[in-house]
Amino acid sequence: MLRIGVLVSGRGSNLQALIDGIEDGRLEASIELVVSDNPEAYALERCRRHGIESVIVRRKDYRSKEEFEGAIAEKLKEKDVELVVLAGFMRILSGNFLKHFPSRVINIHPSLIPAFQGLHAQRQAVEFGAKFSGCTVHLVDESVDAGPVIVQAVVPLLPEDTEDSLSERILRYEHRVLPQTVQWFAEGRVRVNGRLVVVEGAKYGSLPVNPELEKF
Ligand code: GRF
């Protein structure tokens, strides 16, 4: 069982996808702690419903970003977390946090990075007139939405798309690629060599998700 910690700021639908994968036995992980920087996050309600321990760590309760991040790292370390999953966590983590979990922090972003990094990625794709976007699970480094890619899923845009309709189409894939990635970590199959991340034994060359999903 891989011990994971999940950082959230809002709705928590990706957290829910992890919970569902664990509850139905496809995801061999345990959520040891959910950390929210937002006391109003609906993700916290999901924790209550599923008996998952959660803690609120607010930036404004700390004098510096360093102390705030130190507090989060400490709570995750206390739980012996092996993988940190950013699932809609709206803050940029610095090296002070990342050094505690080298190559062990992942994030889900709703675009095919390096396109449409930062906030409102789906709106950016619609306004740009892109014909494809998608989602990416990547390792977190000190850049913003630019760490080494683990898996990407391609999603088409339709002429009538709005930010909401595209977000919904992308989200369906987010809820598959994120638990699948955690499962790859649980199986010890993720190899990192600089910018190149390879999932051992995975099938590469497939569309719309590369590498191909197995359980999700
Ligand atoms: C998702 O679109 C994710 O890709 C982005 O933030 C959103 C979080 O949604 N990083 P949710 O809180 O998981 O529902």
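Values quoted throughout were computed directly from the atomic coordinates according to the rules given, and no laboratory measurement underlies them. Keep in mind the model is a prediction, meaning the values are calculated, not measured. Note: ideal-geometry Cβ built from the backbone for every residue, glycine included; neighbour counts use all protein chains shown.
Okay, here's what the table says:
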| item | result |
| --- | --- |
| Binned Cα-Cα distance frequencies in the chain - 10 Å width, integer % | 8, 35, 38, 17, 2 |
| Average projected area [Cα convex hull, segment 1-102], square nanometres | 6.0 nm² |
| Rg in Å to one decimal, and Dmax rounded to a whole Å, for segment 74-143 via C-alpha atoms | 14.1, 46 |
| Coarse-grained scattering of segment 135-216 at q = 0.14, 0.19, 0.21, 0.22 Å⁻¹, given as base-10 log I(q)/I(0) from a Debye sum over alpha-carbon atoms | -0.50, -0.86, -1.00, -1.07 |
| Distance from segment 108-146 to segment 154-216 (C-alpha centre basis), Å | 13 Å |
| Where labels lie 7 Å past Cα in the beta-carbon direction, separation of S64 and E78 in nm | 2.2 nm |
| Antiparallel bridge percentage (DSSP; both residues within the chain; nearest 5) | 50 percent |
| Likely footprinting exposure, L119, L18, fewest C-beta neighbours within 10 Å first | L119, L18 |
| Distance from segment 26-40 to segment 71-91 (C-alpha centre basis), Å | 8 Å |
